[in-house]
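Take a look at the structure below.
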Amino acid sequence: MVRDRASAKDPSNSGRRRAPRSTGSDSLLLGLDIFLALLLGAAHALPTAYPAVWWLQLLCAAGLAWQVSRASPARAALVGWVFATAWGVAGTWWLYVSMHQYGGLPAWMSAAAVLALNAFLGLYLAATMAVFARLRRHRALLDALLFAACWMLAELARGVIFTGFPWAASGYAHVDSPVANLAPWIGVYGIGFVCAALGAGLVLGMRVAGRGGAGAVLGFGVSATALVALALIKPVPFTRATGTLSVTLLQSNVPQDQKFAETALPQTLEWAQRQLLAAKGELVVGPETVVPLLPEQLPANYWKPLALHFQGSQAALIGRPLGSFEAGYTNSVVGVSSDTVKWPGGWYRYDKHHLVPFGEFIPTGFRWFTQMMNIPLGDFSRGPRVPPSFAFKGERIAPNICYEDLFGEELAARFLDMNEAPTIFANMSNIAWFGDTIAVSQHQIISRMRSLEFQRPMLRATNTGATVVIDHHGVVTHSLPPFTQGVLDAKVEGRQGLTPYAWWASRYGLWPLLAVALILMLMTLPLRRKD
């Protein structure tokens with residue numbers, strides 16, 4: 001009956017089937033989809049190093065939402081994988097410098113390793129975009145939320161599985177955007193969710209209502225209105241001042257190929273000791289491995305003058321490895337003050353907990369890979385997950401080493417007991433491994449996001465940069481030019497109190513965000529079409 005009725009309306013349709021789309025045309029469209037996903041993914045990484053173009057992140061997310069909103073699950077997976085791989089390579093290409101220039105791997109192997117890592121991490125977005133294509137309901141608002149849930153689920157997987165590598169996560173693009181006001185509420189992954197929803201809202205209304213339809217205007221209007229509203233909302237002051245410290249931050253600027261070289265070590269050690277003893281600040285902070293030798297390797301009488309000097313009105317946090325080759329060693333921070341004289345060893349000790357794969361610990365089955373690289377001290381032991389803070393003059397300073405500040409949920413664990421919660425963060429880093437690249441800017445942005453989430457200042461003492469003081473609003477108040485040797489004198493205001501993010505992340509980690517993503521996906525199941 002249906003066929004007869006259609007034939008009556010259009011006799012030319014009688015007994016004729018629609019010709020299948022040509023293979024050549026479909027291949028061309030697939031190629032265009034892949035090329036567009038490649039461009040969008042690469043562009044998506046740009047705001048994570050240059051946040052002034054934060055709006056580009058929204059447009060790239062919108063472009064991906066447009067692509068997967070019209071794709072089959074298999075095609076959406078391919079497009080999502082290409083997008084994520086390009087995003088990862090463009091955001092972490094500097095890993096090539098560490099492996100080739102400083103690790104000694106052949107150029108082709110270093111490039112292949114960067115590509116392979118990001119191709120693997122891209123599988124998370126590939127899987128969730130396939131889920132989106134399967135569950136989408138062609139309802140603009142619901143699909144925008146579903147896309148954001150799938151996006152956040154992929155970012156959570158990337159940030160947690162196999163110890164996690166969430167570098168260049170989408171939320172970091174927004175430290176200077178209106179959405180940054182949400183940081184103390186929902187953290188960087190929550191910001192990524194909101195921005196994915198806003199980006200999807202720009203285009204999914206158009207997709208549902210047709211080109212130029214009312215849905216396009218509605219989708220754009222809702223997203224634009226949300227951004228304006230966020231810009232007008234004043235940040236809520238969840239914390240209050242505890243006091244002010246004068247600080248001196250050291251930037252040693254030792255090239256990575258000279259960091260452990262015997263010919264350069266005497267000069268490196270002499271500069272560090274001299275600057276620590278001459279520093280003016282009440283709290284002096286030296287970067288990661290500013291003293292690059294194990295205790296048994298240090299020259300006689302090197303450490304004793306430092307320990308004695310900081311038993312007066314000053315205190316110091318100094319990056320140095322501890323332990324021995326026989327018993328094992330840690331990437332550590334040593335704190336020295338008049339109070340630590342009574343401690344074991346005469347100092348406060350912080351051992352890095354979240355180690356860098358390949359650089360600081362060897363994943364199972366990859367010892368052959370690390371043995372090909374010239375990386376000294378490449379197999380560290382882990383420190384405790386929730387270490388005590390360094391107490392000094394009424395402040396509780398919480399050290400974190402290198403990319404540990406990339407894991408806000410782990411820093412949040414230190415806020416479970418308010419009486420022990422940090423009032424100041426101190427990040428000690430050495431990213432000379434990555435040369436003069438965007439890694440310096442990206443890491444500063446990561447630290448700024450932590451300050452926004454917890455409303456705590458962050459001191460950054462680094463080898464080559466960025467050595468800065470970041471206040472509790474996420475604003476850089478003092479800085480040294482990167483790739484210069486020097487000291488930074490500044491003042492920092494400690495803060496106490498809990499942001500909503502610090503409260504729920506300290507208790508539940510990232511589970512609430514995972515629950516939100518899964519609930520939004522499950523909401524679509526009762527609405528499945530029966531066609």
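Values in this text are rule-based calculations from the coordinates and carry no lab data. Keep in mind it's a predicted model, so treat the numbers as computed, not measured. Please note: Cβ atoms are built from the backbone with ideal geometry, for glycine as well, and neighbour counts cover all protein chains shown.
Only Lys, Arg, Asp and Glu carry charge here, each on its Cβ (+1 for the first two, -1 for the last two); on that basis the chain has a dipole of about 2340 debye about its Cα centre.
Pairs of alpha-carbon atoms within less than 8 angstrom and 6+ residues apart define the contacts here; what relative contact order does the chain have, in percent? Walk me through the numbers on the way to the answer.
On the way: 1059 pairs, mean separation 84.4, N = 531.
Taking the mean separation of contacting Cα pairs over the length of the chain, I get 16 percent.
Taking a ≥ b ≥ c as the square roots of the eigenvalues of the Cα gyration tensor of segment 240-498, is the shape rounded (a/c under 1.5), prolate (a/b larger than b/c) or oblate? Rounded shape, in that the Cα axes give a/c under 1.5. Only one residue of 305, 381, 90 has its Cα farthest out toward the positive end of the dipole of the chain, where Lys and Arg carry +1 and Asp and Glu -1 on Cβ, and that residue is 90.
Grouping the Cα pair distances of the chain into 20 Å bins from zero gives a pair-distance distribution of 21, 50, 22, 5, 1, 0 percent in increasing distance order.
Measuring between alpha carbons in the structure, the pairs from 259/304; 234/393; 259/342; 259/352; 304/393; 352/393 lying more than 26 angstrom apart are 234/393; 259/342. With axes computed from alpha carbons, what is the tilt in degrees of helix 107-135 against the longest principal axis of the chain, rounded to the nearest 10 within 0 to 90? Between the helix axis and the principal axis of the chain, the angle is about 50 degrees.
If I stretch the segment between residue 112 and residue 53 completely, what's the gain in nm (0.36 nm per residue apart, minus their alpha carbon distance), one decimal?
On the way: separation 59, 0.36 × 59 = 21.24 nm, distance 2.95 nm.
So the extension gain works out to 18.3 nm.
Given +1 at the Cβ of Lys and Arg, -1 at the Cβ of Asp and Glu and no other charges, the dipole of segment 240-498 around its Cα centre is 440 debye to the nearest 20. Ranking 327, 499, 427 by Cα position along the charge dipole of the chain, where only Lys, Arg, Asp and Glu carry charges on their C-beta atoms, puts 499 farthest toward the positive end. When each of 495, 75 is scored by the number of other beta-carbon atoms lying within 10 Å, the sequence from fewest to most is 75, 495. Distances between placed amide hydrogens fall under 5 Å for residue 491 paired with 247, all partners being 5 or more residues away or on another chain. Cross-link reach is defined here as a Cα-Cα straight distance under 12 Å, omitting same-chain residues fewer than 8 places apart; for residue 280 the aspartates and glutamates meeting it are 489. In the chain, the DSSP-assigned H stretches of four residues or longer account for a calculated mean residue ellipticity at 222 nm of -14000 deg cm²/dmol, using -39500 (n - 2.57) per stretch and the full residue count as denominator.
Computed from Cα positions, the angle between helix 23-44 and the longest principal axis of the chain comes to roughly 30 degrees.
Among 251, 25, 516, whose Cα lies farthest out toward the positive end of the dipole of the chain, if unit charges sit on the beta carbon of Lys, Arg (+1) and Asp, Glu (-1)? Looking along the dipole axis, the top candidate is 25.
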